[in-house]
Amino acid sequence: MSTEPSLTPKEMGHNAWSGMEILRKFQSIFIGCVLASIGIILLRHAHLVTGGTPGLALSLSYLLNASFSTVYLIVNIPFYILSIMRMGWSFTVSTFLATLILSTTTMADRLFPAFTVPDWAGAFFGGAFVGVGLSYLFLNGSSLGGVNILVLYFHKRFGWDPGKITFVIDFSVVMSALYSVGFVKGAYSVLSVVILSSIISFSKGRFPIRYKPEVSSRSIGTQENP
């Protein structure tokens, strides 16, 4: 006869809920990344950039004639340290997963024949898709890494408008990318940033602002038993 304790109905329900929650989390991250990747593909075929780490990676990929996916993964590496220290392991793992998914989904562009996108369409639709994708990730406690981590940290720490923070950072990224895309396309890139930031600002009231770092069981025990 087995001496192992059986799970109580409460514990069984908790385990089932945890599994469903993990599945829901992955689904949310996947949807957000697919939306953002559509926007990045449109921007790339219009030879435009946008803000944040995706925009910086796009600009560098133009200059280096390198794969966006590879550059994007490399650029994100330093920001994971900040995420672990300030946002906790749960947020960091979700963000790392989102980064991998976005890098993978943007590779699907290679399966399609070559095509070009008008500047105005790339700016409008590209910025809109990236903005909606980012907002969806923010709403589900994740991000696309890089400066998005800074945006959510400032929103959490100081309550700053994530849309305005995103615009300031993204505008700086686009200005630094003028050399690789030129003035006209740079102007359209600014338009994409305005659209992206406006969508994030519109959604800011629903963003979770508490991303608590992981707390060890020893720390909890110390707090409960001073």
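The values are calculated or read from the model by the stated rules, or taken from the named source; none is laboratory data. None of these values were measured; they are calculated from a predicted model. Heads up, the Cβs are rebuilt from the backbone with ideal geometry, glycines too, and the neighbour counts pull from every protein chain shown. Areas reflect the complete protein model, heavy atoms only, side chains present, ligands, DNA and RNA absent. Shrake-Rupley method; radii C 1.70, N 1.55, O 1.52, S 1.80 Å.
Summary of the geometry: the range 145-181 and the range 47-91, compared by the centres of their Cα atoms, lie 12 Å apart. Annotation: amide H of Val117 within the under-5 Å range of Ala46, sequence separation 5 or more or interchain, hydrogens built in the peptide plane. What the phi angles of the range 168-183 give under the Karplus curve with 6.51, -1.76 and 1.60, with θ = phi - 60°, is a coupling list of 4, 5, 5, 4, 5, 5, 5, 4, 6, 9, 4, 5, 8, 10, x, 5 Hz, glycine and proline written as x. Taking the protein heavy atoms of the range 114-198 in the context of the full set of protein chains, the accessible area attributed to carbon and sulfur is 74 percent at 1.4 Å. The phi-based Karplus calculation (6.51 cos²θ - 1.76 cosθ + 1.60; θ = phi - 60°) puts the 3J(HN,Hα) values of the range 154-159 at 5, 5, 5, 7, 10, x Hz, whole numbers, x for Gly and Pro. Multiplying the residue separation of Ile77 and Phe158 by 0.36 nm and subtracting their alpha-carbon distance yields 26.7 nm. Computed from the C-beta positions of Leu23 and Phe183 and an R0 of 45 Å, the FRET efficiency is 0.45 to the nearest 0.05.
Measuring with a 1.4 angstrom probe and ignoring ligands and nucleic acids, Thr99 comes out at about 0 Å² accessible. Which FRET efficiency, nearest 0.05, do Thr116 and Ser198 yield, Cβ-Cβ r, R0 30 Å? Calculated transfer efficiency: 0.70. Rolling a 1.4 Å probe over the heavy atoms of the protein chains gives the range 91-145 an accessible area of 42 Å² per residue. Projected label points at Thr104 and Met175, each 7 Å from Cα along the beta carbon direction, are separated by 3.8 nanometres. Largest first and in whole Å, the equivalent-ellipsoid semi-axes of the range 130-199 read 23, 12, 10, each the square root of five times a Cα gyration tensor eigenvalue.
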